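Only one structure is covered here, and it is reproduced in the block below.
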Amino acid sequence: MTAPAPAPVPAPAGGGGGDAGSCSGYDVLVLGEVLVEIHTDSALREAADGTAARISYSGDALNAAAAAAAAGARTALLAVVGEDELTVPLLRRAAVLGIDVTHVRRAPRPNGAYLLSADTEGDREFVYWRTGSAGSTLSVTHIDSWRDLLTGTPALITSGITGALSASSREAVLAAAEAVHRAGGHLSYDPNFRSRLTGRAEARELLARLTPWTGLLKISCPADALALVGTDDPATAAARCRELGARTVAVTAGPDRLLLHDGTGSAHLPVPVNPHPVDATGAGDCFTGTTTARLALGDTLADAVRHGLAAASLSVSGRGGTGHVPSFTATAALAAAHSSSSSSSSSSSPY
């Protein structure tokens, strides 16, 4: 079976440094689905005839890739897009965000889409149109066509959402993760449990299979943690994910704090305050993308996480998943200011 041809829309790679061990030309790869985002200010249950909405482009993969590129990593997207009229602007938006899309494949299907409303706390309801989408055709055949990239790039980001799109997508996620692990690369995984896409049993099984290969597991609490590891306590969630095999676990516990457990200990880290929040959509993806990028570029875990927290805080200033992708200059400035302001009350933790 021949893999589909690459999409003919080129994009420049994100700027920045790079790991000397990279032989693919990239620092970070992101595997997943790009979505058409339909965003309204009204609560979805109150959306009446004539309710205004705006179109943008998002999805956890695009959000994380945009953050990684902004953080200085040469970032490529591994995805399948459709052949409808929105494909060209979708890929153009990814290119504007500094993401290389030359390895994206096409399928004769529509692009996936979702509807959401503005939110500042991260408690959202989504309406999805993803069944049978181009993104859901992701398969092991695609992974085989990207194998040299996967084994030659320092880091891969993927998610439980990608694994929930279809049976073939699930196998693709597993194949990609295993390839990266066997090549000595870093895997960042966010289970991102969505009950409208998959059941708890399936999501738990995927988590159990992936965590032994995972360098950074980002999980939300209570939502994902309660569904996947049976607890609404961040410390217990981190411990259970570590028991499954994850080397480092980051548990987001609301908009203002994160618990980090790296095997040597755990620490609660405050998130820098954004005084003008607009929408928390994609903040977790921004954290994962930024942190992974900085790890791939040589930051210590402590510094990478500080940058991830700062970028996530800044990202909520825009609407939608890629409404505001902060520059690394802004991210680093906020991380430094936050570190200085909290140093007087810090414990012996290296974070």
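The values are calculated or read from the model by the stated rules, or taken from the named source; none is laboratory data. It should be emphasised that the depicted structure is a prediction, and the values quoted were computed from it without experimental measurement. No Cβ is skipped: glycine too gets one built from the backbone with ideal geometry, and neighbour counts run over all protein chains shown. Side chains included, ligands, DNA and RNA excluded: accessible areas come from the protein's heavy atoms. Shrake-Rupley method; radii C 1.70, N 1.55, O 1.52, S 1.80 Å.
Using C-alpha pairs under 8 Å with a sequence gap of at least 6, the mean separation divided by the residue count of the chain gives a relative contact order of 18 percent.
Order ASP279, ASP148, most accessible first, counting only protein heavy atoms with a 1.4 angstrom probe. Walk me through the numbers on the way to the answer.
Details: ASP279 0, ASP148 130 Å².
Sorted descending by solvent-accessible area, the residues read ASP148, ASP279.
Placing +1 on the Cβ of every Lys and Arg and -1 on the Cβ of every Asp and Glu, with nothing else charged, gives the range 234-351 a dipole about its Cα centre of roughly 80 debye. When +1 charges are put on Lys and Arg Cβ atoms and -1 charges on Asp and Glu Cβ atoms, the dipole computed for the chain relative to its Cα centre reaches about 420 debye.
So if I place +1 on the C-beta of Lys and Arg and -1 on the C-beta of Asp and Glu, and nothing else carries charge, what would the dipole magnitude of the range 173-249 be about its Cα centre? I want it in debye, nearest 20. Can you show the working numbers first?
Details: 10 positive and 8 negative charges, 24 e Å.
That gives a dipole near 120 debye.
If packing is taken as the average number of other Cβ atoms within 10 Å across a peptide's residues, how do 256-266, 203-213 rank, most packed first?
Result, highest mean first: 203-213, 256-266.
What shape does the chain take by its C-alpha gyration tensor, where a ≥ b ≥ c are the square roots of the eigenvalues and a/c under 1.5 counts as rounded, a/b above b/c as prolate, and the rest as oblate? Mind dumping the intermediate values first?
Values: a/c = 1.34, a/b = 1.17, b/c = 1.15.
Cα axes put the chain in the rounded bin.
Where both partners of a DSSP beta bridge lie in the chain, what percent of those bridges are antiparallel, to the nearest 5? Around 40 percent of the beta bridges assigned by DSSP in the chain are antiparallel ones.
For VAL127 and GLU205, a Förster radius of 30 Å and the Cβ-Cβ distance give a FRET efficiency of 0.70, rounded to the nearest 0.05. Stretching the chain fully between THR329 and ARG92 yields a gain of 82.9 nm (0.36 nm per residue, less the alpha carbon separation). In terms of modelled amide H atoms, which long-range or inter-chain residues lie less than 5 Å from the amide H of HIS186? Answer set, sorted by chain and number: ALA155, LEU156.
So for each of 151-157, 31-37, 71-77, 47-53 I average, over its residues, the number of other beta carbons within 10 Å; can you give me the resulting order with the highest mean first? Intermediate results must be reported in sequence, preceding the final value.
Values: 151-157: 24.7, 31-37: 27.1, 71-77: 30.3, 47-53: 9.4.
Ranking, from highest mean packing down: 71-77, 31-37, 151-157, 47-53.
Here the 3J(HN,Hα) profile of the range 253-260, calculated from phi with Karplus coefficients 6.51, -1.76 and 1.60 at θ = phi - 60°, is 10, x, x, 10, 7, 9, 9, 10 Hz, Gly and Pro shown as x. For the range 146-297, the Kirkwood estimate of the hydrodynamic radius, built from every pair of different alpha carbons, is 15.7 Å. Taking the three principal axes of the alpha carbon atoms in the range 234-287, the coordinate ranges are 38, 18, 15 Å, sorted in descending order. Per residue, the accessible area of the chain comes to 39 Å², computed with a 1.4 Å probe over protein heavy atoms only. Spacing of the modelled spin labels on SER317 and VAL140, each 7 Å from Cα toward Cβ, amounts to 4.6 nm.
If you take the Cα centroid of the range 276-315 and the Cα centroid of the range 157-204, the two points sit 21 Å apart. Rg over Rh for the range 41-154 works out to 1.01, both radii taken from alpha-carbon positions and Rh defined as the Kirkwood radius.
Output the antiparallel fraction of DSSP beta bridges having both residues in the range 186-332, as a percent to the nearest 5. Kindly include the intermediate steps, with their values, before the conclusion.
Details: 9 of 16 bridges.
Percentage antiparallel, nearest 5: 55.
Is the shape of the range 133-230 rounded, prolate or oblate, going by the alpha carbon gyration tensor and its root eigenvalues a ≥ b ≥ c, with a/c under 1.5 for rounded and a/b larger than b/c for prolate? Please list the in-between numbers first.
Values: a/c = 2.37, a/b = 1.35, b/c = 1.75.
Oblate is the answer for the range 133-230, as a/c is 1.5 or above yet b/c matches or exceeds a/b.
Projecting the Cα atoms of GLY82, VAL101, GLY152 onto the dipole axis of the chain, where Lys and Arg carry +1 and Asp and Glu carry -1 at the beta carbon, places GLY152 farthest toward the positive end. On the basis of the beta-carbon distance and an R0 of 25 Å, GLU46 and GLU83 show a calculated FRET efficiency of 0.15. Here the range 212-351 has 55 percent of its accessible surface on carbon and sulfur atoms, given a 1.4 Å probe and all protein chains in place.
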